[in-house]
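Chemist: Below is the structure I would like to discuss, written out as structure tokens.
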Amino acid sequence: ENEENIKFKQSSIKGLFNENSTNMKYAKDLGVSSITINFDLSSMLYADGKAPNSATEFTSNGQKYYFNTEAMAHYDSLVQGATSRNMNVIGIVLVSAHASMNNIPSSLRYDAGNSGSFMGTNTSNDVGRDYYIAAMEFLAQRYSQSKEQGLIQTYVIGNEVDFTPYFFDCGNLNKFMEEYSRAL
């Protein structure tokens, strides 16, 4: 098999968090070599029965899952914009705690009492685990095929592990480590 390294040679150590594709040209002007993007599962996924006809269908382990086509077009523009400028993309996978989270199955959300803007992914149940696997497979397949589609070089899973009460308000370290290791 012909394998290709998707990493671009970085011309500097400068990186930038960016969620706006129109800012991409300014990032390159600043000498940025890597872009960090939040990939919010709550804006990407639909729970069973909640997907509109325009949703993007994806099969994982024999099950069909549905992704928000509009949200994915936004992520595509960010990843493609960075890739076309030879910038490495770092994708942070998370779940935000805003209104659109009602689109995703409640069993995927780890709704901690202290959750503010983001929450952990609940992989302790079959449904949550399977949705999480499907999302990771979908991202990997979508952003590891070609420079035209855009490439993600690094995924961050379990962001801000040092601030556990914010994502996993478990009450003890052992339970947190169990939740965190499953997500990894």
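Chemist: Between residue 137 and residue 124, what is the label-point separation in nm under the 7 Å Cα-to-beta-carbon projection?
Modeler: Between residue 124 and residue 137, the simple spin-label model gives 2.5 nm.
Chemist: Also: Quick one: which residues, 5 or more positions from residue 149 or on another chain, have an amide H under 5 Å from its amide H? H modelled 1.01 Å from N in the peptide plane, none for Pro or chain starts.
Modeler: Counting only residues 5 or more places away or on other chains, the set is empty.
Chemist: While we're looking at this one, here's another question. With r as the distance between the Cβ atoms of residue 156 and residue 60 and R0 = 25 Å, compute the FRET efficiency 1/(1 + (r/R0)^6) and round to 0.05.
Modeler: Efficiency, from the Cβ-Cβ distance: 0.75.
Chemist: Report ³J(HN,Hα) in whole Hz for each residue of segment 47-52, in order, from the Karplus equation J = 6.51 cos²θ - 1.76 cosθ + 1.60 where θ = phi - 60°; Gly and Pro get x.
Modeler: These are the phi-based 3J(HN,Hα) values: 6, 3, x, 9, 7, x Hz.
Chemist: I've got another one for you. Could you sort 29-36, 48-55, 177-184, 129-136 so that the peptide with the highest average Cβ count within 10 Å comes first and the rest follow in order?
Modeler: Taking the mean over residues of other Cβ atoms within 10 Å, the ranking is 129-136, 29-36, 177-184, 48-55.
Every number here is computed from the coordinates shown, using simple stated rules; none is lab data. Quick caveat: nothing in here was measured; it's all calculated off a predicted structure. Because the Cβ atoms are built from the backbone with ideal geometry, glycine has one as well, and the counts that use them run over all protein chains shown.
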